[in-house]
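Structure incoming, see below.
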Amino acid sequence: MAQEDVTETGSSNNQAVSPDGTVSDGTVSDGKGSDGIKVAGKNEPRNCLSTREKLCYAIGGAPYQMTASALGFFLQIFLLDVAELNPVHASIIVFAGRAWDAITDPTVGFLVSRSPWTRFGRMLTWIVLSTPLAVVAYFLVWYVPPFENGKVIWYLVFYCLFETLQTCFHVPYSALTMFISTEQKERDSCSAYRMTVEVLGMLIGTAVQGQIVGMASAPCIPVSHGEEHNNSTSMFAINSTGVFLEDTKFDTKFAYMMASLAISGIYIFCAIVLFFGIKEKKESLRTRSEPMSFFQAIRMVMGYGPYAILNMACLFTATGFYLLEGNFAVFCTYTLGFRNEFQNVLLVSMISATLSVPFWHWLLTKFGKKTAFYAGNCLAVPFLILIVLVESNLILTYIIAFVCGASIGAALLIPWSMLPDVVDDFKVHNPDSIGHEAIFYSFYVFFGKFAAGISLGISTLSLYFAGYITRGCSQPDAVNLTLQLLVSVVPVLLIMIGLVIFYYYPINEETRQGNSKLLQELQDSKPILKWTQEIQEDSTETSNMV
């Protein structure tokens, strides 16, 4: 119907379109035709998303956060205490996996931006094809192979493979924000829905993994701390004593596999809901730029000031929160002495993160995104200091976990809501460079994963040099001190550095609203006849594909 109206206005009435967008016979550049219909406004109903569409889009974000939270909270303790790897080998796996991400994230973003449009869209095609392979690789990450010599290679291969396939899902999904609506309010609303579900995904991942694994915890091994400083000796001596029962060890391995199967099933369900619940819209009003080389794309996105500042600020703040996330389970188990409660503490943190997202969305809408970013990150700082200054207390630990969870909710929501603003700002300053959204999102995803890799690598190496004892009922004082630094001092310093960098982020609310107006004017200035012709060409292309 919209196409017929435009055709009738632009051709059957013999109306001409001038280069400045003015249409004769009563049609002017404001988009109103002679029959009183606001032609430019015909985009508005198509850009307004229903609640169902927003929910379906948001559900697609759960798989990434489910798997990320399970890996972030449990991968380190799994590799050390269940797979029984040396901390050095565990750190190699993590570092190599993140180094591989350094290649896959930008590469996938570049390939997505160059990939052709299909009947399902450009982004959705990548999501559908990567899902079944990703869940298989994820399951094998949590499987303990029946051999010893090749364990490191096993986990290295499947961890890197899963990260690659997850990138093929998450980069197109993230960029999809720009292709479901062009309205900033709609995209901000979608981001709020998405972050609510993503934090809920973190909650589900933590709950499923923590509760299933918690029911099959293997007993610790009493150790003599007289030999604790010789880590390489004590670790292998303890592993060869056979103090813990083999059937209990088997139950723990089986629990990790069952948890991974449960998360994999939810992963597939979410991908199906996303695929059938939304429609990817092809940008028909503007012609995409000529393809550029991979290194040109890198220079383009990393050389753009607002984007570089946002990435650097989030790299430091995210690394701080990932350090807290990756070491909190070990910290609760050994330093605080809550071996049987740590999964419940993590669950409280994720519940808080889920409940806080609507509040952070209201705050950024009311006071602006920069203010909300500062408030969300600063909230956790005093509590991270408090947790190492006071004596171990379970109630206080739950309170601190609740507050830090709220801060994690802010760290998730607010940067993702800023990224579309940066892309819009780039479009305003580079009107001839179109179709590179996936590249922007891929580098942002890369920096997030890079932060997680840095944090896990630092953690495993620090624990190794401190003398961490696999499956020990207690740890040396040096390990406890290291854990205190990793969940308190270092995260606080990183968060503060990130906030200082973020001070120079130039896109405030006034700039954001100005960009929205300029983009709308740029869209409305497109000659109507050319717009009609492009839509007709797209319809013909789609019909041929079908």
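The values are calculated or read from the model by the stated rules, or taken from the named source; none is laboratory data. Just so we're clear, the structure is a prediction, and the values are computed from it rather than from any experiment. For neighbour counting, all protein chains shown are included, and Cβ atoms are generated from backbone atoms with ideal geometry for every residue, glycine included. Calculation scope for accessible area: heavy atoms of the full protein, side chains included, ligands and nucleic acids excluded. Shrake-Rupley method; radii C 1.70, N 1.55, O 1.52, S 1.80 Å.
Could you check how many residues of segment 468-496 are farther than 30 Å from ALA375 by Cβ and assigned to a helix (DSSP H, G or I)? Lay out the reasoning, then the answer.
Initially, segment 468-496 is screened for residues farther than 30 Å from ALA375 by Cβ, giving 468-482.
Pick out the ones that are also assigned to a helix (DSSP H, G or I) and you get 477-482.
Of the residues in that region, 6 qualify.
Being open to solvent by 10 Å² or more (accessible area, probe 1.4 Å), free of Cβ contacts under 8 Å to residues at least 60 places away in the same chain and within 17 Å of SER407 (Cα to Cα) is the filter here; which residues of segment 301-348 pass it?
VAL348 - this is the single residue of segment 301-348 that is open to solvent by 10 Å² or more (accessible area, probe 1.4 Å), free of Cβ contacts under 8 Å to residues at least 60 places away in the same chain and within 17 Å of SER407 (Cα to Cα).
With the condition kept exactly as written, say whether any residue in segment 79-93 is assigned to a helix (DSSP H, G or I), within 22 Å of the chain's Cα centre (by Cα) and among the aliphatic types (A, V, I, L, M).
Yes, some residue in segment 79-93 is assigned to a helix (DSSP H, G or I), within 22 Å of the chain's Cα centre (by Cα) and among the aliphatic types (A, V, I, L, M).
Exactly one condition in (1) open to solvent by 30 Å² or more (accessible area, probe 1.4 Å); (2) polar (S, T, N, Q); (3) modelled with pLDDT of 65 or more; (4) part of a helix (DSSP H, G or I) is not met by THR252; state its number.
The number of the failed condition is (1).
Which residue out of LEU161, LEU133 is crowded, with 19+ Cβ neighbours inside 10 Å, at pLDDT 90 or above and out of contact with any Phe, Trp or Tyr (no Cβ under 7 Å at 6 or more places or on another chain)? Step through it out loud before you land on a result.
Numbers: LEU133 fails: crowded, with 19+ Cβ neighbours inside 10 Å.
On inspection, the qualifying residue turns out to be LEU161.
Matching residues to (1) open to solvent by 60 Å² or more (accessible area, probe 1.4 Å); (2) closer than 26 Å to VAL301 by Cβ; (3) at pLDDT below 90:
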site: ALA452; (1), (2), (3): no, yes, yes
site: GLY457; (1), (2), (3): no, yes, yes
site: ILE469; (1), (2), (3): no, no, yes
site: LEU485; (1), (2), (3): yes, no, no
site: PRO491; (1), (2), (3): no, no, no
site: LEU494; (1), (2), (3): no, yes, no
site: LEU522; (1), (2), (3): yes, yes, yes
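Only residues in segment 494-505 that are over 12 Å from LEU315 (Cβ atoms) count as the first member; pair them with residues that are among the hydroxyl-bearing types (Ser, Thr, Tyr), Cβ under 7 angstrom, at least 6 apart or cross-chain, and list the lot.
What qualifies is LEU499/TYR374.
Which of the following residues is in contact with a Lys or Arg (Cβ under 6 Å, 6 or more places away or on another chain) and of a type outside the set (Asp, Glu): PHE158, PHE169, PHE162, PHE179? Walk me through how you get there before you give the answer.
Working: PHE158 fails: in contact with a Lys or Arg (Cβ under 6 Å, 6 or more places away or on another chain); PHE169 fails: in contact with a Lys or Arg (Cβ under 6 Å, 6 or more places away or on another chain); PHE162 fails: in contact with a Lys or Arg (Cβ under 6 Å, 6 or more places away or on another chain).
Just a single option satisfies the conditions, and that option is PHE179.
Pull out all pairs, ordered by first then second residue, where Cβ-Cβ is under 8 Å, the residues are six or more apart or on different chains, the first lies in segment 70-89 and is within 19 Å of ASN344 (Cα to Cα) and in contact (Cβ under 8 Å) with a residue 40 or more places away in the chain, and the second is among the basic types (Lys, Arg) and open to solvent by less than 10 Å² (accessible area, probe 1.4 Å).
none
Scan segment 191-211 and tell me whether some residue there is farther than 13 Å from GLY61 by Cα and in contact with a Lys or Arg (Cβ under 7 Å, 6 or more places away or on another chain).
no
Okay, next question. Looking at ALA90, ALA58, which one is surrounded by 23 or more Cβ atoms within 10 Å (Cβ to Cβ), among the aliphatic types (A, V, I, L, M) and more than 25 Å from ILE180 (Cβ to Cβ)? Working first, answer last.
On the way: ALA58 fails: more than 25 Å from ILE180 (Cβ to Cβ).
Just one listed residue meets the conditions, ALA90.
Let me ask another. Go through SER442, SER433, SER539, SER543 for me and flag whichever is surrounded by fewer than 15 Cβ atoms within 10 Å (Cβ to Cβ), at pLDDT below 85 and either part of a loop (DSSP other than H, G, I, E, B) or touching a Pro at 6+ places or on another chain (Cβ under 8 Å) (or both).
Values: SER442 fails: surrounded by fewer than 15 Cβ atoms within 10 Å (Cβ to Cβ); SER539 fails: either part of a loop (DSSP other than H, G, I, E, B) or touching a Pro at 6+ places or on another chain (Cβ under 8 Å) (or both); SER543 fails: either part of a loop (DSSP other than H, G, I, E, B) or touching a Pro at 6+ places or on another chain (Cβ under 8 Å) (or both).
Sole residue among the options that is surrounded by fewer than 15 Cβ atoms within 10 Å (Cβ to Cβ), at pLDDT below 85 and either part of a loop (DSSP other than H, G, I, E, B) or touching a Pro at 6+ places or on another chain (Cβ under 8 Å) (or both): SER433.
Inspect all residues belonging to segment 285-292 and state whether any of them is at pLDDT 85 or above and open to solvent by 70 Å² or more (accessible area, probe 1.4 Å).
Of the residues in segment 285-292, the ones at pLDDT 85 or above are none.
No, segment 285-292 has no match at all.
So, one more: What are the residue pairs meeting all of these: first residue in segment 401-430, first residue buried (at least 22 other Cβ atoms within 10 Å of the Cβ), second residue not in a helix (DSSP H, G or I), Cβ atoms under 7 Å, and 6 or more apart or on different chains?
ASP421/ILE507; VAL422/ILE507; ASP425/ILE507
May I ask you to verify whether PHE465 is open to solvent by 20 Å² or more (accessible area, probe 1.4 Å), in a helix (DSSP H, G or I) and either closer than 24 Å to THR67 by Cβ or not small (Gly, Ala, Ser) (or both)? Before the answer, list the steps.
On the way: open to solvent by 20 Å² or more (accessible area, probe 1.4 Å): yes; in a helix (DSSP H, G or I): yes; either closer than 24 Å to THR67 by Cβ or not small (Gly, Ala, Ser) (or both): yes.
Yes.
Open to solvent by 10 Å² or more (accessible area, probe 1.4 Å), aliphatic (A, V, I, L, M) and either over 30 Å from ASP105 (Cα atoms) or over 25 Å from the mean Cα position of the chain (by Cα) (or both): is that true of VAL390 in this structure?
Working: open to solvent by 10 Å² or more (accessible area, probe 1.4 Å): yes; aliphatic (A, V, I, L, M): yes; either over 30 Å from ASP105 (Cα atoms) or over 25 Å from the mean Cα position of the chain (by Cα) (or both): yes.
Considered against the rule, which asks whether it is open to solvent by 10 Å² or more (accessible area, probe 1.4 Å), aliphatic (A, V, I, L, M) and either over 30 Å from ASP105 (Cα atoms) or over 25 Å from the mean Cα position of the chain (by Cα) (or both), VAL390 comes out as yes.
Are any residues in segment 118-177 farther than 18 Å from GLY60 by Cα and among the charged types (D, E, K, R), and if so, which ones?
ARG119, GLU148, LYS151
Restricting to segment 106-138, what's the tally of residues that are in a helix (DSSP H, G or I) and either more than 17 Å from the chain's Cα centre (by Cα) or not aromatic (Phe, Trp, Tyr) (or both)?
The initial filter retains those residues of segment 106-138 that are in a helix (DSSP H, G or I), namely 106-114, 123-138.
Then drop every residue that is not either more than 17 Å from the chain's Cα centre (by Cα) or not aromatic (Phe, Trp, Tyr) (or both), which leaves 106-114, 123-125, 127-137.
Adding up the residues that qualify gives 23.
In this structure, does PRO358 turn out to be assigned to a helix (DSSP H, G or I) and in contact with a Lys or Arg (Cβ under 8 Å, 6 or more places away or on another chain)?
On the way: assigned to a helix (DSSP H, G or I): yes; in contact with a Lys or Arg (Cβ under 8 Å, 6 or more places away or on another chain): no.
Taking the combined requirement at face value, the residue does not satisfy it.
Out of (1) of a type in the set (Val, Ile, Thr); (2) at pLDDT 80 or above; (3) touching a Ser or Thr at 6+ places or on another chain (Cβ under 6 Å), what's the single condition that is false for THR118?
(2)
Working carefully through the options PRO145, PRO219, find the one that is modelled with pLDDT of 80 or more and either assigned to a loop (DSSP other than H, G, I, E, B) or under 30 Å from ASP477 (Cβ atoms) (or both).
Values: PRO219 fails: modelled with pLDDT of 80 or more.
Testing whether each residue is modelled with pLDDT of 80 or more and either assigned to a loop (DSSP other than H, G, I, E, B) or under 30 Å from ASP477 (Cβ atoms) (or both) leaves just PRO145.
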